[in-house]
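Before any comments, here is the structure.
Since every read-out is calculated from the coordinates, none of them should be taken as a lab result. On a predicted model such as this, the values are computed, not experimentally measured, just so you know. A quick note on method: Cβ atoms are made from the backbone with ideal geometry, for glycine too, and the neighbour counts reach across all protein chains shown.
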Amino acid sequence: MSAHRLTARFDAATDTIVLTLVAGSDGMPPGSRLAVTSDIRLDAPRGSGAALLARVGTYHELAPDPPAGLGPGERWQVALAIGHRPSHANDGPVSAFVVLADDSTVPVDLEPAPVATGVRTSAGSPGSLVPHPHVLTVADGAPGTGRFALAADVPPRAVTAWSAAAALAERMGAAPALFTDGATGARRVEAVRAELADEAYRLEITADRVRVEAAGEPGWRHAFVTLARWAAATPTAARVDDWPRYAWRGLHIDLARRWWEPDVIEWLIDVCAWRKLSRLHLHLTDDEAWRFPVASLRALADVGGRRGHRLALPPMVGGGPEPYGRAYTPAEIAGWVARADALGVTLVPEVDVPAHVHAALAAMPELRDPEDRSHAESVQHFVDNVLVPGHPATVPFLEAVFDALAAAFPTSPWLHIGGDEVPAGAWSGSPIVARLRAEHGLDATRDVEGHFHRHLVELIRRRTGRRVGAWQEAAESGGVSPGDGYVVGWKDVEASRSMAAVGHDVVVAPAQAYYLDMALDDDWASPGASWAGATSFDDVCAFDPEDGWTDDERAHLLGVQACLWCEHVVDRATMEHLLFPRLDAVAERAWTGRIVGGPGSLLRRAL
């Protein structure tokens with residue numbers, strides 16, 4: 001038996017995606033339908049030869065129109081209308097299968113297949129100082145021994161920092177550099193306390209010893225990571241005075257669109273620490289999946305964590321009919337927290353509300369307003385993907401979720417509440433929200449959104465004592481106020497400036513520079529998104545997050561954050577291709593405030 005074969009191509013002359021299905025040796029019997037996942041919205045207008053039977057996010061079901069079967073080797077070709085023009089091969093259909101009349105499935109070979117990419121290094125070559133120290137003064141540039149041994153008579157916290165840095169270097173595949181006291185041919189490392197800022201450190205390097213000054217464990221750990229990265233290129237005599245430009249040096253990872261094994265998150269924690277990044281933002285929930293376990297709401301994980309044919313969540317973003325993904329376990333999350341704490345990386349967990357909750361609603365349909373007729377469609381093509389303010393089940397749901405989030409991430413000062421991309425017209429046809437509007441004098445969708453977040457911020461403060469993080473829309477709606485926590489400016493840098501100007505603490509993450517899911521170039525085969533334009537390594541290096549800011553605005557600039565959304569990140573190889581070396585540019589800017597020596601210098605140090 002030969003498989004069905006599907007070819008997808010973009011026809012620029014007609015602005016359509018042309019699908020050609022060639023039936024396998026068993027043919028395609030009448031009553032069958034073609035399931036396709038595509039980031040671009042597909043439509044089958046009258047006369048196209050296809051009927052669109054279902055669409056949920058990126059999942060589409062199509063059938064011949066008029067209904068017909070295909071004999072072995074016969075072709076079915078349709079030209080489908082699209083929501084926007086594709087810029088890269090991964091914008092269009094990326095997976096497919098046939099569903100038979102009895103609801104069983106048959107595989108389909110898709111041509112062209114999704115893009116495959118090579119792996120870039122995440123450790124850097126020996127001597128790769130990324131980020132570069134603020135001040136480096138070299139008295140004798142000849143390389144000394146790259147072996148370092150911690151003296152026995154150092155503070156206990158220095159020992160803890162040394163152990164963490166040595167284990168990190170080993171996991172990152174760096175050349176062995178950090179040893180215990182007495183190692184042959186090693187420079188003796190003396191760690192002493194000094195009146196320095198929390199993360200600052202000072203190195204005084206000679207041929208046979210290194211004096212490390214810091215206020216405590218964070219500074220010592222940064223110093224030891226510097227030695228581990230410098231390794232055999234460490235000069236015979238030099239001095240380093242180093243400190244971070246920003247306290248918030250972040251990486252965001254989308255865990256909902258793709259399933260990533262728990263060890264990938266462990267590796268990302270290491271990636272952050274190796275580059276002196278201080279925050280890892282975990283996007284745990286979205287329309288496509290719910291990855292966070294809540295013991296009292298088992299359906300969220302059991303139903304919302306998996307996608308597949310015949311499941312509450314259909315296959316999406318490249319998925320096939322087989323069950324895909326799950327929620328993470330409390331033990332797995334506890335492991336992340338322990339590793340992050342040891343390395344000085346703060347995990348910031350996000351549960352995105354009130355929009356982007358299709359997975360939660362699929363798991364718990366009782367959260368919907370059954371009489372809602374809004375039919376508000378999100379940017380990602382989900383309909384009415386919002387929690388319902390005023391619904392009697394909404395507040396208990398939020399209490400259970402955010403209580404569990406606080407318990408699972410006990411060392412994070414912030415719980416991120418999302419707040420982005422509430423669809424236009426959300427709640428407009430909901431009788432429950434109509435009563436809420438009348439009671440509180442709320443007019444537009446944004447007013448309802450602001451009301452929702454104001455109450456959620458207070459709920460979190462009262463029940464957990466935490467502050468909140470949010471995307472910029474939560475501040476723009478008035479739901480998050482200055483002093484509630486921080487906001488992430490993602491649409492453009494001017495949005496960050498505007499929020500800082502009115503007193504919000506801001507993390508700068510504009511899509512045009514710091515969204516690392518954007519493709520590196522405009523090549524058709526390059527993986528990644530394109531709605532914010534291609535973003536090369538040089539583009540990331542060129543972006544200065546505080547260019548043009550006033551002193552008053554800078555007082556509210558916490559730092560910067562790179563974001564990796566995963567609609568197009570099909571595997572670990574693609575993740576590394578998109579992250580490196582652009583993440584090194586973000587890390588250098590976040591720590592040093594500049595790209596030392598320009599992009600060419602950083603590229604040599606990063607790779």
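Please report Leu100, Leu520 as a ranked list, fewest other C-beta atoms within 10 angstrom at the top and most at the bottom. Write down the numbers at each step before the final one.
Details: Leu100 13, Leu520 18.
Result, fewest neighbours first: Leu100, Leu520.
Counting other C-beta atoms within 10 Å, and keeping those with at most 16, which DSSP coil trypsin sites (Lys or Arg not before Pro) do you find in the range 540-596? Qualifying residues, ordered by number: Arg594. Dividing the summed -39500 (n - 2.57) terms of all DSSP H runs of n ≥ 4 by the residue count of the chain sets its mean residue ellipticity at 222 nm at -8000 deg cm²/dmol.
On full extension of the chain, what length is gained from Asp571 through Val135, given 0.36 nm per residue of separation minus the C-alpha to C-alpha distance? Let's see the in-between values first.
On the way: separation 436, 0.36 × 436 = 156.96 nm, distance 3.85 nm.
Roughly 153.1 nm would be gained on extension.
Computed from Cα positions, the angle between helix 394-408 and the longest principal axis of the chain comes to roughly 30 degrees. Within the shell of other residues whose beta carbon sits under 15 angstrom from the beta carbon of Asp544, the net charge comes to -3, with Lys and Arg scored +1 and Asp and Glu -1. I need the shape label for the range 317-359. Rule: rounded when a/c is under 1.5, else prolate if a/b > b/c, else oblate, with a, b, c from the alpha carbon gyration tensor. Oblate shape, in that a/c is at least 1.5 and b/c is the bigger or equal ratio. Which parts of the range 420-451 would a label at Glu377 reach, counting a residue when its backbone N lies under 18 Å from a point 7 Å out along Cα-to-Cβ? Under 18 Å, as judged by backbone N against the label point of Glu377, lie 421-429 of the range 420-451. With bins 10 Å wide beginning at 0, the percent of Cα pairs of the chain falling in each bin runs 3, 16, 24, 24, 17, 10, 4, 1, 0.
Using only Cα atoms and rounding to the nearest 10 degrees, what angle (0 to 90) does helix 330-343 make with the longest principal axis of the chain? Taking Cα atoms only, the helix is inclined about 30 degrees.
For the range 248-606, what does the relative contact order come out to in percent, with C-alpha contacts under 8 Å and a separation of six or more? It comes to 16 percent, rounded to a whole number.
Determine the percent antiparallel among the DSSP beta bridges restricted to the chain, to the nearest 5. Mind showing how you got there, number by number?
On the way: 55 of 102 bridges.
About 55 percent, rounded to the nearest 5.
Pick out, in residue order, every one of the GluC sites (Glu not before Pro) in the range 173-254 that is DSSP loop and has at most 14 other C-beta atoms within 10 Å; say none if there are none.
The qualifying sites are Glu195.
Note on the range 248-606: antiparallel DSSP beta bridges, both residues inside, total approximately 10 percent of the bridges counted. Once the Cα-Cα distance is subtracted from the 0.36 nm per residue extended length, the Asp523 to Ala12 segment shows a gain of 182.4 nm.
So what is the diffusion coefficient of the range 341-474 in µm² per second by Stokes-Einstein at 25 °C and 0.890 mPa s, using a Kirkwood Rh over Cα pairs? Here the translational diffusion coefficient equals 160 µm²/s. Rg then Dmax, both in Å and based on the Cα atoms of the range 1-112: 12.9, 38.
Given Cα pairs under 8 Å that are at least 6 residues apart, what percent is the relative contact order of the chain? Normalised by residue count, the contact order of the chain is 14 percent. Relative to the longest principal axis of the Cα atoms of the chain, the long axis of helix 217-230 lies at roughly 90 degrees.
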